[in-house]
Structures are given as C-alpha cells and as structure tokens.
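Data first, discussion second: the structure below is written as structure tokens.
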Amino acid sequence: MGESGITTNWAGVQKEDLLQALPLVSHWIKDALDVSLGETNFGEIVDRLNVGTMQMWLIGDEESLRVLGVLLTEVQDYAKTKVLNVHLCGGENLDDWFPHWETLEEWGKEQGCEFITATGRRGWKRKLAPLGFKEKYVTLYKPLFRSH
C-alpha cells in the first residue's frame with residue numbers, strides 16, 4: 001500500500017493491447033514530452049511501442065481499477081552492458097507506485113540487464129534514492145537557437 005492508502009499494481013502492456021491502453025495514458029505521455037527537450041514525439045513513441053523497442057507499463061489502483069499512471073521503458077544494449085532505461089513516466093499518486101518498483105527490476109533482469117537507469121527532473125533523485133538509485137551523471141543543456 002502506498003503513502004495515500006491506495007494499493008497499486010503494475011502491468012506490462014502487450015503489443016496487441018496498445019490500442020486500448022494508449023487513450024487511457026496518452027495525456028500523461030504528452031505532458032512528459034512537453035517538459036523534455038523534444039528528443040522524441042508521441043508518434044515516434046507509438047511506433048517504438050508497436051515494434052517492441054519500447055515497453056509500456058500501466059500503474060493501476062487495485063480497488064477502483066482506475067489507471068493512475070504510465071511508465072515507458074527501453075532495453076538498451078551497449079557494447080559492454082545491457083540497461084533497462086525508464087524513458088518517461090507520468091500520472092498521479094506517484095508515491096504509491098514505489099512499492100512495486102521491483103516489478104521493473106525483475107523484468108529487467110529477465111531481459112539480461114545489469115542496470116536500471118532513469119533520466120528525469122531533479123525531484124526524481126530524491127524519490128528514487130530509497131530504492132537504491134544513485135546519481136551517476138548530470139545532464140546539462142544549452143539551447144543553440146533562441147526558440148528553445
């Protein structure tokens with residue numbers, strides 16, 4: 001049970017269920033994209049989900065059966081290691097999600113991943129630290145054109 005008393009559950013979305021799941025969470029995906037640097041867009045995410053290079057996880061309230069959020073992950077295969085990257089997430093009652101974080105970790109291990117990574121705003125460092133996450137890099141950016 002999470003901090004607000006909501007009991008949550010995580011479920012990976014199969015490719016054949018994407019059309020049903022996307023309308024439930026597209027607003028959270030688009031909100032997350034709005035605070036990004038524009039590295040990807042909604043259409044590209046849908047394409048990557050359809051071909052299986054990206055995975056969608058739904059977080060739901062077990063009692064009301066209401067979807068509370070979404071996480072998108074990617075397995076990244078590097079020359080010396082394999083990493084499960086949390087690409088983006090969005091939703092509500094985020095603190096209630098963390099009791100089930102091991103769902104992602106176990107799935108990552110099944111895929112042969114040695115690490116799980118997440119890139120996000122500074123607040124994620126505080127939220128993920130109790131789960132064993134450590135800061136490895138800092139990403140800095142500078143707009144090269146005035147429109148950013």
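Where a number appears in this text, it was derived from the coordinates with a stated rule and is not lab data. Predicted model, so just to flag it, every value in this text is computed and none were measured. Cβ: placed from backbone, ideal geometry, glycine included. Neighbour counts: every protein chain shown.
Numbers for the structure displayed
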quantity: Sparse-neighbour loop sites [GluC sites (Glu not before Pro); segment 39-109; at most 14 other C-beta within 10 Å; DSSP]; calculated: GLU39, GLU62, GLU63
quantity: Partners for LYS127 among aspartates and glutamates (Cα-Cα distance below 15 Å; same-chain residues under 8 apart left out); calculated: GLU3, GLU92, ASP95, ASP96, GLU102, GLU135
quantity: Ranked list, fewest to most other Cβ atoms within 10 Å of each Cβ, for LEU71, LEU131, LEU94; calculated: LEU131, LEU94, LEU71
quantity: Euclidean distance between Cα centres, segment 106-133 to segment 50-69, Å; calculated: 18 Å
quantity: Potential lengthening between GLU74 and GLN14 on full extension [0.36 nm per residue; Cα-Cα distance subtracted]; calculated: 20.2 nm
quantity: Neighbour count of at most 13 Cβ within 10 Å plus DSSP loop: longest chymotrypsin sites (Phe, Trp or Tyr not before Pro)-free window in the chain; calculated: 1-77
quantity: Percent of beta bridges antiparallel (DSSP, segment 8-131, rounded to nearest 5); calculated: 85 percent
quantity: Residues ARG121, ARG66, sorted so that the one with the fewest Cβ neighbours within 10 Å comes first; calculated: ARG121, ARG66
quantity: Whole-number percent relative contact order across the chain, with pairs defined as alpha carbons under 8 Å at least 6 apart; calculated: 23 percent
quantity: Given [x] 1.01; [y] 0.98; [z] 0.95, the label whose value is Rg/Rh (Cα atoms, Kirkwood Rh) derived from this model; calculated: [z]
